[in-house]
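Visitor: Before I ask anything, let me first share the structure, which is written out below as structure tokens.
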């Protein structure tokens, strides 16, 4: 089936489904395959649940129904459909990537721009080769602009996503030590993320840069840009102010904007949303409302006050760059009893043990800290210490706290997703 014919069917459907657990009546079901699942096994179930059409690619199957459409590759068909759908809309599409902070930046930018526009944006963490097409296919006639988050752990992935989403505005939050295993090192990270810049360069679009970031300035040469930063050369001079133990504040034209985010590493995310708001013609009040209305969730820069302690939860993911920034920001809190709960960092390549040792060395001599390290990598660095406690997994930490409850502490939880540090929150 030709893509324009499939798009015609799509335009008459309720939407796209890739999971029979959430399928709606009149959806088109795409039988995607992964390491642990095969959508081709659920064709009958999809029809039973109300799917209008099914797209499948199992060579062994041969459905006689005209509503079961066989293709060579379901994933590539989904991506092609999204690319074709994108071509039907002449709207601003912001492509956003980076090593750290891209989801928070995306959420903030959406919260700001939604004060004026109808925005279609990446939900949850749907930022890969499947999630991006699904987001693009949610664009409709009511959409004024779209924000597409793009994640990657290998070279070429950002370029692929750009060719599907066709962004005409780009923003890279930063270049950090994330997914080093797949990119092969920090130079690979810079090259991989910069694929967004190269796409925008070729398509004559525009990019937002942090003018205080040398790499962003260098990699964006020759591209139409607008910028934020402390430098007077920036298009938008945004200053950051934050008193001890408080939420991040930004100062724009001597007017303060207070966020619900803690940690100095979030200043850049806030500033990017302010710059995007100005670029799209929002008033100061609209920008301020957008930032104030954003409440962090999903274990990203969340502040949780329990009956026993004050928790700063940033455990959705971790890499050496984000871990370092989180700890540095946390250590600036004064006149409080501080506890660090850190989990292993994954997907950081051959230097994984060195990077974990650097984190441990940066905190181990601070006698004012209670330190709890969770994961098999940190455990390889284990040594005898009354202040520093090592655990193989989060469940062991939970059992420890059941017998040794701490109260009155300010606690940072930071670790990779697989460590599940959020499981310890109820007992703290």
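Visitor: Out of (1) under 23 Å from residue 281 (Cβ atoms); (2) without any contact (Cβ under 8 Å) to a residue 60 or more places away in the chain; (3) in a loop (DSSP other than H, G, I, E, B), what's the single condition that is false for residue 155?
Guide: (1)
Visitor: Could I ask something else about it? Out of contact with any strand residue (DSSP E or B) (no Cβ under 9 Å at 6 or more places or on another chain), more than 16 Å from residue 162 (Cα to Cα), in contact (Cβ under 8 Å) with a residue 24 or more places away in the chain and not in a loop (DSSP other than H, G, I, E, B) - does that describe any residue in the stretch 97-104?
Guide: Among the residues of the stretch 97-104, at least one is out of contact with any strand residue (DSSP E or B) (no Cβ under 9 Å at 6 or more places or on another chain), more than 16 Å from residue 162 (Cα to Cα), in contact (Cβ under 8 Å) with a residue 24 or more places away in the chain and not in a loop (DSSP other than H, G, I, E, B), which makes the answer yes.
Visitor: Given the structure, is residue 83 surrounded by fewer than 20 Cβ atoms within 10 Å (Cβ to Cβ) and under 24 Å from the mean Cα position of the chain (by Cα)?
Guide: Considered against the rule, which asks whether it is surrounded by fewer than 20 Cβ atoms within 10 Å (Cβ to Cβ) and under 24 Å from the mean Cα position of the chain (by Cα), residue 83 comes out as yes.
Visitor: Is there a residue being closer than 29 Å to residue 182 by Cα, buried (at least 19 other Cβ atoms within 10 Å of the Cβ) and touching a residue at least 60 places away in the same chain (Cβ under 8 Å) anywhere in the stretch 108-122?
Guide: yes
Visitor: Can you tell me which residue is surrounded by the fewest Cβ atoms within 10 Å (Cβ to Cβ) among those in the stretch 168-195 that are closer than 24 Å to residue 266 by Cα and touching a strand residue (DSSP E or B) at 6+ places or on another chain (Cβ under 7 Å)?
Guide: Among those residues, the one meeting the criterion is 169.
Visitor: May I ask you to verify whether residue 132 is closer than 22 Å to residue 6 by Cα and in the same structural domain as residue 159 (by TED's automatic domain parsing)? Even if it seems obvious, please write down each step before you answer.
Guide: Numbers: closer than 22 Å to residue 6 by Cα: yes; in the same structural domain as residue 159 (by TED's automatic domain parsing): yes.
Against the criterion (closer than 22 Å to residue 6 by Cα and in the same structural domain as residue 159 (by TED's automatic domain parsing)), residue 132 qualifies.
Visitor: Suppose we filter 218, 249 for residues that are under 22 Å from residue 95 (Cβ atoms) and surrounded by fewer than 20 Cβ atoms within 10 Å (Cβ to Cβ); which single one remains?
Guide: On inspection, the qualifying residue turns out to be 218.
Visitor: Out of all the residues in the stretch 66-75, is one or more more than 30 Å from residue 181 (Cβ to Cβ) and touching a residue at least 40 places away in the same chain (Cβ under 8 Å)? First the steps, then the outcome.
Guide: Residues of the stretch 66-75 that are more than 30 Å from residue 181 (Cβ to Cβ), as a first pass: 66-72.
Next cut, touching a residue at least 40 places away in the same chain (Cβ under 8 Å) only: 69, 71.
Within the stretch 66-75 (the criterion being more than 30 Å from residue 181 (Cβ to Cβ) and touching a residue at least 40 places away in the same chain (Cβ under 8 Å)), the answer is yes, since at least one residue qualifies.
Visitor: Go through the stretch 255-288 and give me each residue that's part of a loop (DSSP other than H, G, I, E, B) and under 19 Å from residue 206 (Cβ atoms).
Guide: Of all residues in the stretch 255-288, those part of a loop (DSSP other than H, G, I, E, B) come to 259-263, 280-283.
Hits for the stretch 255-288 are 280, 281, 282.
Visitor: Could you list all residues from the stretch 115-140 that are more than 14 Å from residue 93 (Cα to Cα) and assigned to a loop (DSSP other than H, G, I, E, B)?
Guide: Those that are more than 14 Å from residue 93 (Cα to Cα) and assigned to a loop (DSSP other than H, G, I, E, B): 115, 116, 123, 124, 125, 126, 127, 128, 129, 130.
Visitor: Let me ask you something else. If you check every pair at least six apart or on different chains, which have Cβ atoms under 6 Å apart with a residue in the stretch 23-50 that is outside any helix (DSSP H, G or I) first and a residue that is exposed (fewer than 13 other Cβ atoms within 10 Å of the Cβ) second?
Guide: Every condition considered, the pairs that remain are 50/25.
For (1) assigned by TED's automatic domain parsing to the domain that holds residue 213; (2) closer than 25 Å to residue 110 by Cα; (3) modelled with pLDDT under 85, each residue gets a yes or a no:
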| residue | (1), (2), (3) |
| --- | --- |
| 241 | yes, yes, yes |
| 245 | yes, no, yes |
| 253 | yes, yes, yes |
| 268 | yes, yes, no |
| 309 | no, no, no |
| 331 | no, no, no |
| 342 | no, no, no |
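Visitor: In this structure, does residue 199 turn out to be at pLDDT 90 or above, at negative phi and within 24 Å of the chain's Cα centre (by Cα)?
Guide: Considered against the rule, which asks whether it is at pLDDT 90 or above, at negative phi and within 24 Å of the chain's Cα centre (by Cα), residue 199 comes out as yes.
Visitor: Of all residues in the stretch 190-249, which are in a helix (DSSP H, G or I) and without any contact (Cβ under 8 Å) to a residue 24 or more places away in the chain? Explain how you work it out, then say what you get.
Guide: Initial filter on the stretch 190-249 (in a helix (DSSP H, G or I)): 190-193, 195-203, 214-219.
Across the stretch 190-249, the qualifying residues are 201, 202, 214, 217, 218.
The values are calculated or read from the model by the stated rules, or taken from the named source; none is laboratory data. Keep in mind the model is a prediction, meaning the values are calculated, not measured. With ideal geometry, Cβ positions are generated from the backbone for all residues, glycine too; neighbour counts draw on all protein chains shown.
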